[in-house]
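Asker: Take a look at this one; I'll ask things after.
The values are calculated or read from the model by the stated rules, or taken from the named source; none is laboratory data. Note that the structure is predicted; figures quoted are calculated from it, not measured. Positions of Cβ are generated from backbone atoms using ideal geometry, with glycine treated the same way; all protein chains shown enter the neighbour counts.
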There are 2 protein chains.
Amino acid sequence: MTTRSREDVVQAAGRLFAARGFHGTSMRDLGDELGLLGSSLYSHVDSKEQLLIEVVQRGAALFQALADSVAASDSPPEDKVAALVRGHVNVITSNQEQSATFLNEARFLPADGRTAIVVLRDRYEATFREVIAAGIASGAFREQNPALASIMVLSVLNALTRWYRPTGAQNATEIADAMVAFVMDGLR
Amino acid sequence: MTTRSREDVVQAAGRLFAARGFHGTSMRDLGDELGLLGSSLYSHVDSKEQLLIEVVQRGAALFQALADSVAASDSPPEDKVAALVRGHVNVITSNQEQSATFLNEARFLPADGRTAIVVLRDRYEATFREVIAAGIASGAFREQNPALASIMVLSVLNALTRWYRPTGAQNATEIADAMVAFVMDGLR
DNA sequence: AACTAGCGAACGAACGATCGTTCGTTCGCT
DNA sequence: AGCGAACGAACGATCGTTCGTTCGCTAGTT
């Protein structure tokens, strides 16, 4: 039994918070997951809330990096939407627990940490909204409410955290292809 | 201060479980919500888990009633999909807390109650899948995987529990219209 | 009209269990 | 010898729940 790093603790927290929820996971549960006592975790972290903050922030950063990279490109809007969809599917399927915790448990953050995360989430959604609005302006997409459209697109993508299993019938690429087709046609 | 009925307790439970999560809500929280002590709730219910079971089952029943009514009609598949979408939006916007608890907290049910709910959920999803498959067979929708398509449609619909606010910019009918358009075009 | 018996609702103290966390001690490596 | 990691007992708080008691209304009797 080798010794545990802070990184191990954060990853296990992501796993358990995603599977059982923040309030459904005790520090002793988390210790069990690592073969430690709950109290031993405090050699690595300051508090349970800090663990949630760290997992959620890492999740947010993954999506933010995607949005920044796509926004910086000079592709036409419909290609940007496709890139956002494929990138989003990739982030979730490659970091399922972190993504799930970010999307489902962020509401349990303490008030100060939560507002910072809400800003990031809003900024990410704004990227979708602006790219879709550009697509409407260019005529690639039909006339519609960009706010509503971006929410619907993100709904399809975020639900992946709820049903994706690496061993499932479709692999990540097939899922991404289907979602690109569905979303692009949905926006027309 | 009038006396409280069992119904009041179940409704308050739906409200708090949706807002704070099952594990984030204590019986004393629930008592506060009703102006009672936590212990007083046991005049009306047997346990906290029973409350979750009841709220979740009510939510499931709402969706099941919709699926049964649509499946029994003899409209063409594309009309059935539109009816399912409109009905689903109506169920959620008219019963937001119950729907949210059903969709987000069912995983915390005790093992026996959970399997019963999973059956209902699978049956509901099967309705979507079959209607979509019929639409593909009739040529109304393009060739595609009906299982994946139904998950994507339900993703758009279920996310409503996360962002719908009765005081929001769009009312329920406008949201339903936008979702019907998005989904029908997404399926082609 | 006054009184009272009955009963569900609510109280409030208390239960054992578990929560997040602290802290002095011990382990195991370098 | 030094030091981070882990232990394990213990803390006060809170958890779900129990239980004997009290409240407040209603129905029935006088």
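Asker: Answer with yes or no whether B:GLU7 is closer than 28 Å to A:SER26 by Cβ and more than 8 Å from DNA strand D (Cβ to nearest atom). Break it down into steps so the answer makes sense when it comes.
Answerer: Values: closer than 28 Å to A:SER26 by Cβ: no; more than 8 Å from DNA strand D (Cβ to nearest atom): yes.
Criteria not met by B:GLU7.
Asker: Continuing with this model, one more query. Applying the selection to segment B:29-38, what residues are touching a residue at least 12 places away in the same chain (Cβ under 8 Å), assigned to a helix (DSSP H, G or I) and near DNA strand C (Cβ under 10 Å from one of its atoms)? Working first, answer last.
Answerer: Keep residues of segment B:29-38 that are touching a residue at least 12 places away in the same chain (Cβ under 8 Å), which gives B:29-30, B:33-36, B:38.
When the remaining residues are screened for being assigned to a helix (DSSP H, G or I), the result is B:29-30, B:33-34, B:38.
Result: B:LEU34, B:GLY38.
Asker: Hey, can you tell me all the residues within segment B:39-54 that are more than 8 Å from DNA strand C (Cβ to nearest atom) and exposed (fewer than 13 other Cβ atoms within 10 Å of the Cβ)?
Answerer: Matches in segment B:39-54: B:ASP46, B:SER47.
Asker: In the set B:ALA12, B:ALA65, B:ALA61, B:ALA71, which member is surrounded by 15 or more Cβ atoms within 10 Å (Cβ to Cβ) and either touching a residue at least 12 places away in the same chain (Cβ under 8 Å) or more than 16 Å from DNA strand D (Cβ to nearest atom) (or both)? Give the steps one after another, and end with the answer.
Answerer: Details: B:ALA65 fails: surrounded by 15 or more Cβ atoms within 10 Å (Cβ to Cβ); B:ALA61 fails: surrounded by 15 or more Cβ atoms within 10 Å (Cβ to Cβ); B:ALA71 fails: surrounded by 15 or more Cβ atoms within 10 Å (Cβ to Cβ).
Going through B:ALA12, B:ALA65, B:ALA61, B:ALA71 in turn, just one is surrounded by 15 or more Cβ atoms within 10 Å (Cβ to Cβ) and either touching a residue at least 12 places away in the same chain (Cβ under 8 Å) or more than 16 Å from DNA strand D (Cβ to nearest atom) (or both): B:ALA12.
Asker: When only residues in segment A:162-182 that are more than 11 Å from every other protein chain (Cβ to nearest Cβ) and loosely packed, with under 15 Cβ neighbours inside 10 Å count, which is nearest to B:ASP185 (Cα to Cα)?
Answerer: Going through the qualifying residues, I end up with A:THR173.
Asker: Of the residues in segment A:116-135, how many are under 16 Å from A:SER155 (Cα atoms) and buried (at least 22 other Cβ atoms within 10 Å of the Cβ)?
Answerer: Qualifying residue count, segment A:116-135: 2.
Asker: I'd like to know if segment B:133-151 contains one or more residues that are within 19 Å of the chain's Cα centre (by Cα), at the interface with chain A (Cβ under 10 Å from one of its Cβ atoms), of a type outside the set (Gly, Ala, Ser) and farther than 20 Å from B:ASP74 by Cα.
Answerer: Yes, because at least one residue in segment B:133-151 is within 19 Å of the chain's Cα centre (by Cα), at the interface with chain A (Cβ under 10 Å from one of its Cβ atoms), of a type outside the set (Gly, Ala, Ser) and farther than 20 Å from B:ASP74 by Cα.
Asker: Which of the residues that make up segment A:28-74 are out of contact with any Pro (no Cβ under 6 Å at 6 or more places or on another chain) and within 14 Å of another protein chain (Cβ to nearest Cβ)?
Answerer: As a first pass, look at segment A:28-74 and keep what is out of contact with any Pro (no Cβ under 6 Å at 6 or more places or on another chain): A:28-48, A:50-74.
If the condition is that a residue be out of contact with any Pro (no Cβ under 6 Å at 6 or more places or on another chain) and within 14 Å of another protein chain (Cβ to nearest Cβ), then A:ASP29, A:LYS48, A:LEU52 are the ones that fit.
Asker: Hey, any hits in segment A:92-99 for a residue that's assigned to a helix (DSSP H, G or I), crowded, with 19+ Cβ neighbours inside 10 Å and of a type in the set (D, E, K, R)?
Answerer: So the first thing to find is which residues in segment A:92-99 are assigned to a helix (DSSP H, G or I), and the list is A:92-94, A:96-99.
From the residues that got through so far, the ones that are crowded, with 19+ Cβ neighbours inside 10 Å too are A:92-93, A:97-99.
Cutting the leftovers down to of a type in the set (D, E, K, R) gives us A:97.
Yes, the conditions are met somewhere in segment A:92-99.
Asker: Looking at segment B:100-115 only, could you name the residues that are more than 14 Å from every other protein chain (Cβ to nearest Cβ) and surrounded by 14 or more Cβ atoms within 10 Å (Cβ to Cβ)?
Answerer: B:GLY113
Asker: Could you check segment B:1-28 and list, in sequence order, the residues that are part of a helix (DSSP H, G or I), more than 10 Å from DNA strand C (Cβ to nearest atom) and closer than 21 Å to A:ARG20 by Cα?
Answerer: Hits for segment B:1-28 are B:ALA13, B:GLY14, B:ARG15, B:LEU16, B:PHE17, B:ALA18, B:ALA19, B:ARG20.
Asker: Quick one: which residue in A:SER39, A:SER94, A:SER138, A:SER69 is farther than 28 Å from B:ALA19 by Cβ and at pLDDT below 95? Show your work before the answer.
Answerer: Working: A:SER94 fails: at pLDDT below 95; A:SER138 fails: at pLDDT below 95; A:SER69 fails: at pLDDT below 95.
None of the other options fit; the residue is A:SER39.
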